[in-house]
Amino acid sequence: EKTPVTLLGLGAMGSALARTWLAAGHPLTVWNRTPARADALAAEGANVADSAAEAVAANKLVVTCLLDDASVGEALAGTDLAGRDLVNLTTSTPAQARDRAAWAGDRGARYLDGGIMAVPPMIGVPEAGGYVFYSGSRELFERHQDTLAAPAGTTYVGEDAGFAALHDVALLSAMYGMFAGTAHAFALIRKEDIDPAALAPLLADWLIAMAPAVHQTADHLRTGDYTKDVVSNLAMQVAGTPTFLSTAEQQGVSSELLSPYFELMRRRLAEGGGEEDLTGLIDLLVH
Ligand code: NDP
């Protein structure tokens, strides 16, 4: 007997989640602010509630996947959450998630926050590697882990309800740094007779080869020794920065994406971090 699920929100992500629970045989009750969006799911076997209150009343496990935190507050405003296990997969900030956890607790619900590391086509496709960060009530997570695992992998990151959002934003922030770097790389060749499609695999392989550097960074942060096993020290790297800036200038490319990082490198060097790797830059960011 599969756990019945209530799902509020049938946008691109909510609809994908709904289909995996239906496919996995979970009885599913759905609600969406714009009712027409539930029509297709009704045809696929979902029960469609007329109101959010009715949907919440239908099942103990209630999942929200709405636009933002404000829409969660609006959608759940007139509902009775007492005794419910509320899983909020709406993207939020850590502070919003913590506030929402307290808010749910005040209403007698257990709360689990989620940060989805997947796009809708990856939902229900295990080999796509998508997963969801969860944080908040460990009891709720353990009780419903099998149900939550139907759409995507599950990675529980702690009792602090804000940690799922924090992990989500941390990973996506790193992604933007990577995109910034590749934007600069493509810009450098833009006016040359170099096929971007020839550069792309070289770029992808290089980024993959460099990615494990995060493990050394983590090790340095844990031990506090930023010089252990350093192969490219900061002094050498700062000495190389004019090459990058001159190359950008020669190619007619703005260095605005690189400059802030180089500025941090120079500051750390000036503070005496020449024998370190780049870990010390992290401390310059935290205030
Ligand atoms: P959509 O824009 O497709 O859907 C938004 C949903 O929120 C709709 O069901 C909409 O209802 C509902 N909604 C908006 N405002 C309100 C409100 N005030 N009251 C009630 N319902 C409201 O978004 P997605 O489905 O793509 O995203 C949902 C969540 O999943 C977001 O937090 C997003 O960040 C997250 N996510 C999405 C990813 C993606 O690639 N799509 C990836 C990772 C996370 P209506 O139909 O009536 O407009």
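Just a few scattered comments:
Conditions tested, residue by residue: (1) surrounded by 15 or more Cβ atoms within 10 Å (Cβ to Cβ); (2) on the phi > 0 side of the Ramachandran plot; (3) not in a helix (DSSP H, G or I); (4) not assigned by TED's automatic domain parsing to the domain that holds T279.
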site	(1), (2), (3), (4)
F179	no, no, no, no
A183	no, no, no, no
L188	yes, no, no, no
E192	no, no, yes, no
A198	no, no, no, no
P201	no, no, no, no
W206	no, no, no, no
Q216	yes, no, no, no
D219	no, no, no, no
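- Taking the listed residues A197, A183, the one that is farther than 30 Å from E275 by Cβ and within 27 Å of the chain's Cα centre (by Cα) is A183, with no other qualifying.
- Flag for A95 being more than 13 Å from the ligand (Cβ to nearest atom) and either surrounded by fewer than 20 Cβ atoms within 10 Å (Cβ to Cβ) or within 17 Å of G136 (Cβ to Cβ) (or both): yes
- Note on the range 162-176: residues that are under 15 Å from D113 (Cβ atoms) and in a helix (DSSP H, G or I) total 8.
- Filter pass, S232 being exposed (fewer than 14 other Cβ atoms within 10 Å of the Cβ) and either in the same structural domain as T182 (by TED's automatic domain parsing) or not aliphatic (A, V, I, L, M) (or both): yes
Each row is one residue, and each column tells you yes or no for (1) under 16 Å from D168 (Cβ atoms); (2) of a type outside the set (G, A, S); (3) more than 9 Å from the ligand (Cβ to nearest atom); (4) surrounded by 24 or more Cβ atoms within 10 Å (Cβ to Cβ).
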| site | (1), (2), (3), (4) |
| --- | --- |
| V56 | no, yes, yes, yes |
| C65 | yes, yes, no, yes |
| S71 | no, no, no, no |
| G105 | no, no, yes, no |
| L112 | yes, yes, yes, yes |
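- Any pair with Cβ under 6 angstrom, 6 or more apart, that starts in the range 107-129 at a residue that is free of Cβ contacts under 8 Å to residues at least 60 places away in the same chain and ends at one that is in a helix (DSSP H, G or I) and loosely packed, with under 14 Cβ neighbours inside 10 Å: none
Residues are listed down the side, and each one gets a yes or a no for (1) within 30 Å of S259 (Cα to Cα); (2) away from the ligand (no atom under 16 Å from the Cβ); (3) free of Cβ contacts under 8 Å to residues at least 60 places away in the same chain; (4) touching a strand residue (DSSP E or B) at 6+ places or on another chain (Cβ under 9 Å):
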site	(1), (2), (3), (4)
N88	no, no, yes, yes
F141	no, yes, yes, yes
V169	yes, no, no, yes
H184	yes, yes, no, no
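- Single residue of the range 1-28 satisfying the filter (within 15 Å of the ligand (Cβ to nearest atom) and of a type in the set (S, T, N, Q)) that is surrounded by the most Cβ atoms within 10 Å (Cβ to Cβ): T6
- Residue within the range 275-282 that is surrounded by 15 or more Cβ atoms within 10 Å (Cβ to Cβ) and acidic (D, E) present: yes
- Qualifying residue in the range 49-57 (condition: touching a residue at least 12 places away in the same chain (Cβ under 8 Å), more than 23 Å from A118 (Cα to Cα), in the same structural domain as T147 (by TED's automatic domain parsing) and touching a helix residue (DSSP H, G or I) at 6+ places or on another chain (Cβ under 6 Å)): yes
- Some residue of the range 42-53 being buried (at least 20 other Cβ atoms within 10 Å of the Cβ), outside any loop (DSSP other than H, G, I, E, B) and more than 9 Å from the ligand (Cβ to nearest atom): no
The values are calculated or read from the model by the stated rules, or taken from the named source; none is laboratory data. This structure is a prediction, so every number in the text was calculated from the model and none was measured. Using ideal geometry, Cβ is built from the backbone for each residue, glycine included, and neighbour counts are taken over all protein chains shown.
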